[in-house]
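This report refers to the structure that appears directly beneath it.
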Amino acid sequence: MIEEMVNFLILIVCVLVGVAFVTLLERKILGYIQIRKGPNKVGYMGILQPFSDAVKLFTKEQIIPTVSNFMVYYMCPVFSLFISLLVWAVMPYESGLMSFDLSILFFLCCLSVGVYSVMVAGWSSNCKYSLLGGLRSVAQTISYEVSLALILLSFVMLIGGFSLELFSKYQSYFWFVLVSFPLSMVWFSSCLAETNRTPFDFSEGESELVSGFNTEYGSGGFALIFMAEYASIIFMSVLFVIFFLGSNMLSVMFYLKMIMVVFIFVWVRGTLPRLRYDKLMYLAWKSYLPVSINYLIFFLGFKMFCFV
């Protein structure tokens, strides 16, 4: 038990360091997309920039709105980061770090609970703009969770289990992306919507909003929300690789593929304009949901045909 706790703490530290460098990668890529230099002053080529940003954010004065629901307002960013780090427990590490048979169900539970931190953060600030941004974000997240759950159900039917370890075994010689390329694109764009990334960043993007549900957060609270978002981005990239580009987590290729998916997250942000809100909901319920259900029926029939 103690060994597992130590292993998980090491994993959390690695994820947080990864979050720091993903923010640097994003700023560099966006800089080159916009034909300018990214951060390049702090340390060699800006390598220490994320750590100086963290020091600046955590040493700033914490301002708390007088009309806010103090305890809930204060704890929401902590809870958000906690959920983003807890979900990493589902990773199928063959070294015995941490893995269990119902990892897909655990992932879906964490995904659903993460909605509450956004909703309560917007509500507890007692600011109408924060509440509006939180409600939009929750509506968007819940809508896209449906297609994510159906895609996962399709793969559960295909591999016959809820463990992520089965994906690496089934994809030893053949990647799932080759038979379900449309499904992989639906999964990727749903991940963009789940993590509130461009072109689906409606929690912080309309004309009457300043910064969405985190309008009233500054210094440490903002930093924790920011870290939770980027931890989720890295986690979704890892899941994309496990589901569609199967590889052993102990190989270097796995992490190269993960960095490629993170790069595409940033590339999309630097390229695509924001969608209209009604188009976003139309996409979720009229396009992605039918595709997910069709693939679910296809995989179900395919599995039954194989057993016959």
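The table below lists the values:
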| quantity | calculated |
| --- | --- |
| Answer residue from segment 202-216, given it is surrounded by fewer than 20 Cβ atoms within 10 Å (Cβ to Cβ) and not hydroxyl-bearing (S, T, Y) and is modelled with the lowest pLDDT among those | E208 |
| Residue tally, condition in contact (Cβ under 8 Å) with a residue 40 or more places away in the chain and in a helix (DSSP H, G or I), over segment 29-49 | 3 |
| Of all residues in segment 179-200 being over 13 Å from the mean Cα position of the chain (by Cα) and over 13 Å from S147 (Cβ atoms), the one that is surrounded by the fewest Cβ atoms within 10 Å (Cβ to Cβ) | F181 |
| Scope segment 77-93; condition more than 16 Å from M236 (Cβ to Cβ), of a type in the set (F, W, Y), touching a residue at least 12 places away in the same chain (Cβ under 8 Å) and in a helix (DSSP H, G or I); matching residues | F79 |
| Residue list for segment 135-151, restricted to those being more than 17 Å from the chain's Cα centre (by Cα) and not charged (D, E, K, R) | L135, L150 |
| Residues of segment 235-256 that turn out to be surrounded by fewer than 20 Cβ atoms within 10 Å (Cβ to Cβ) and in a helix (DSSP H, G or I), as a count | 5 |
| Among the residues listed as E26, E61, the single one being closer than 20 Å to A228 by Cβ and either within 20 Å of the chain's Cα centre (by Cα) or assigned to a loop (DSSP other than H, G, I, E, B) (or both) | E26 |
| Qualifying residue in segment 156-163 (condition: surrounded by fewer than 19 Cβ atoms within 10 Å (Cβ to Cβ) and under 25 Å from F265 (Cα atoms)) | no |
| Hits in segment 47-95 (condition: surrounded by fewer than 14 Cβ atoms within 10 Å (Cβ to Cβ) and acidic (D, E)) | E61, E94 |
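Yes or no, residue by residue, for (1) modelled with pLDDT under 90; (2) part of a helix (DSSP H, G or I); (3) farther than 30 Å from A193 by Cβ; (4) not basic (K, R):
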{"position": "V15", "(1), (2), (3), (4)": "no, yes, no, yes"}
{"position": "V22", "(1), (2), (3), (4)": "no, yes, no, yes"}
{"position": "V55", "(1), (2), (3), (4)": "no, yes, yes, yes"}
{"position": "F100", "(1), (2), (3), (4)": "yes, no, no, yes"}
{"position": "F107", "(1), (2), (3), (4)": "no, yes, no, yes"}
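The values are calculated or read from the model by the stated rules, or taken from the named source; none is laboratory data. If you're wondering where the values come from, they're calculated on a predicted model, not measured in any experiment. Cβ sites come from the backbone with ideal geometry, for glycine too, and all protein chains shown count toward neighbours.
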